[in-house]
Amino acid sequence: MTNLTASELNYMVFRYLQESGFLHTAFNFGHEADIQREANIDPTSVPPGALVTFVQSGIQYLEMKANLKIDDSDIADDFVFVKPFDLLNMNVEELKQNIEKNRVLQAAMNLQSLRKGKEREDSEIVGKGKEKIDDDVNYKLNESVAFGGLEPMHFAPSSTLQPWVRYRGVRSRDVLALEGHSAEVFACAWSPAGLVLASGSGDSTARIWRISDRSNSTSAINRLASMHVLRHFEARSKEKRKGVLTLDWNFDGTLLATGSHAGVTRIWHASGEMKSILMKHDGPIFSVKWNKKGDCVLTGGFDRSGVVWDINTNKLIQQFDFHSGSILDVDWRTNRTFATGSTDTLIYVCKIGESQPVKRISGHKDQVNCVKWDPSCMLLASCSDDTTAKIWRMEQHMPVHDFKDHDKEVYTITWSPTGPATNNPNKKLLLASASLDSTVKLWDVSSGGLFGSLNGHRDAVYCLAFSPNGEYLATGSEDRLMNIWSVKDGMIVKTYFCKGSVSQVCWNKEGNKIAYGTRKNSVCISDFRM
C-alpha cells in the first residue's frame, strides 16, 4: 500500500490555498511547514486541484466500502451515496450499518406505499366518488444517530424512525417531531400561556398543539396532550390548496389570529373553536399582529392595504391604503399606532383615526421585508432586499444607524429582549439580522457597530429568535440546519439537522423549548438544556 507522507499532504494543502486565492495564508503555511525543503516536489508535476481530487477519491473509496454487503462479498445493487457529515463522524462499519438500516426502512416504506395504493384501488372499485378524509395524525418521535456518542440507529417501538432528523449533542428524547401537516410549514408561535404551540401550513390548516412537560417520556404520543386542526377553506373555495401564511397569539394566549393566502383573517379560541371570520383583503395576507391590549388585530397583505379590526365587535375599524406595493410586514408601536413595510421601498407609521400617515420613512432602495419596534418602542428597525438593515427614530428623517455589512438581501430582523423596558435591563440591546448571504449579524445599537458575525450556515438564513434571557440566538436556514448560538462569544452550542429548510423558529416563554417549522411539512420541538 502506498502511503502519503506528511510533507506531501502539506504540499497539497499549500497548493490548495494558493489556487483558492488565500495567498497570505499560503505563504505563512508554506513558511512554517518549510514546504520547499521538506516536500521536495516539482510544482509542474502536481495538477491543479490535486487536494480536492485526492479527497474526492477517498470519499468514493469509503462509499464503495460502506456499500459492500455485510459479508463484504459484493457491492449491493442499490448503491447509496454517503453524506459528507456521515463520513466525518462514522467509521466504515458504522456507515455500513447506517446504510443497511436505511435500506430496510426504505423497503418498509415502499411496501406501505404499495399497500396504500392497493387500498385506494379497492376503494374506487367499491364506490367511485366516495372520498375518505383521514384526520388522524401520526405523531413521530425521532430516534436517530446522536453525533456526540455515535449511537447506532434503532427503531423505537412506539414511533416511526425519522432518518432525516439528526442532531449534535442532543438526546433523542429531547426532540419531538409533530407530524400532521401535508405541506410546508410557514409559521409557528408559542402561546404566552403554557406549552401550547400554533403552526400554519400550505395545506390550508393551522394546528394548535398542547405539549405535556413529561420530558422523561420516550413516546411522542405521551408528550402530546392534544391537537386541534383549524381548517381554512370554508369561507372561500379558493382557499383549498392555498395556505396559512401568518399567525399571532394575543397577549394572554386565549385567542389566535391567522392570515391566509386567500386574504381571510380568522380568530380562534385556544380550544380550537373559531370565533370570527374577517374578510377585506383581496389577496394573500403576509402579516397579522395583535396590539398590546388585545382588542385589535392588524393585517397587511398583497393588496397594498393595512387593515385594523375590532375583535370585540368583529368590525373593520380602518383601512390604510398609503402604499403603492404589497405590505410585507406590520408591527404595533402602541395600542393605536403601528408601522408597515412594503415592496414600494417605503415605511409608514400610521395611527388609528388619522387619515394621513403620522410619518413617511424613505431610505431603502428595494423592498422592505421586515419592520420591528425595539422593546421600548422608541426605535424602529427595518431590513430590505437592498442588503441593508436600518434603525430609525420618529423625530428624525435620516436613519440613526445604517448597517451595510451584508452581501445579499436581508430577509428578517429581531431585537434582543435586553436593555430598557425588558426583564434584562442591564444587558446590551442588540439587533440581529439574517440574510440570504448565509450570515447573521449582531449589531450594537448604542454604538452602531458590528457586535459579531455568525457564519455557521451554508445557505440563506430565513428566521431567527433570541431566547427570553437574551443569552442565545436560534437561527434557521435553507441548509436544513437550526443552530443555537451563544450571543456572548458567537459560538454554536447546538445544531439540529432537519428534514427540510427551516422556515420559522421560536422560543417558549420560559426559554427551555424551541419550536421550528420546515418546508418539508414538519414541526419539531426541542428541549433546550445547557
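Exactly one residue out of Val493, Val487 is of a type in the set (A, V, I, L, M) and crowded, with 21+ Cβ neighbours inside 10 Å: that is Val487. Is there a residue being farther than 19 Å from Val440 by Cβ and out of contact with any Asp or Glu (no Cβ under 8 Å at 6 or more places or on another chain) anywhere in segment 403-414? No, the conditions are met nowhere in segment 403-414. For segment 278-288, does any single residue satisfy the condition of being without any contact (Cβ under 8 Å) to a residue 60 or more places away in the chain, among the basic types (Lys, Arg), farther than 22 Å from Met394 by Cα and in contact with a strand residue (DSSP E or B) (Cβ under 8 Å, 6 or more places away or on another chain)? Yes, that holds for at least one residue.
Scanning segment 203-237 for residues that are of a type in the set (S, T, N, Q), in a loop (DSSP other than H, G, I, E, B), over 22 Å from the mean Cα position of the chain (by Cα) and modelled with pLDDT of 70 or more turns up just one, Ser212. For segment 268-283, the condition of being open to solvent by less than 40 Å² (accessible area, probe 1.4 Å), over 22 Å from the mean Cα position of the chain (by Cα) and β-branched (Val, Ile, Thr) holds for none of the residues. Pairing residues of segment 44-59 that are touching a residue at least 12 places away in the same chain (Cβ under 8 Å) with residues that are not in a helix (DSSP H, G or I), at Cβ distances under 9 Å and at least 6 apart in sequence or on separate chains, gives Phe54/Leu4; Ile59/Val82. His364 meets each of the listed conditions (1) crowded, with 20+ Cβ neighbours inside 10 Å; (2) under 27 Å from Trp485 (Cα atoms) apart from (2).
Applying the criterion of being of a type in the set (Ser, Thr, Tyr) and touching a Phe, Trp or Tyr at 6+ places or on another chain (Cβ under 8 Å) to the residues of segment 189-214, the residue that is farthest from Asn508 (Cα to Cα) is Ser204. Checked against the criteria, Glu395 counts as within 27 Å of Arg336 (Cβ to Cβ), open to solvent by 30 Å² or more (accessible area, probe 1.4 Å) and among the acidic types (Asp, Glu).
At least 1 residues that are without any contact (Cβ under 8 Å) to a residue 40 or more places away in the chain and under 27 Å from His401 (Cα atoms) in each: list the strands (runs of 3 or more DSSP E) lying fully within segment 424-530 that qualify. Result: 440-444, 450-454, 472-477, 481-486.
The values are calculated or read from the model by the stated rules, or taken from the named source; none is laboratory data. Computed from a prediction, not measured in an experiment: that's the story for all the values here. Virtual Cβ from ideal backbone geometry, glycine too; neighbours counted across all protein chains shown. When the accessible area is computed, the model is the full protein with side chains, heavy atoms only, and any ligands, DNA or RNA have been set aside. Shrake-Rupley method; radii C 1.70, N 1.55, O 1.52, S 1.80 Å.
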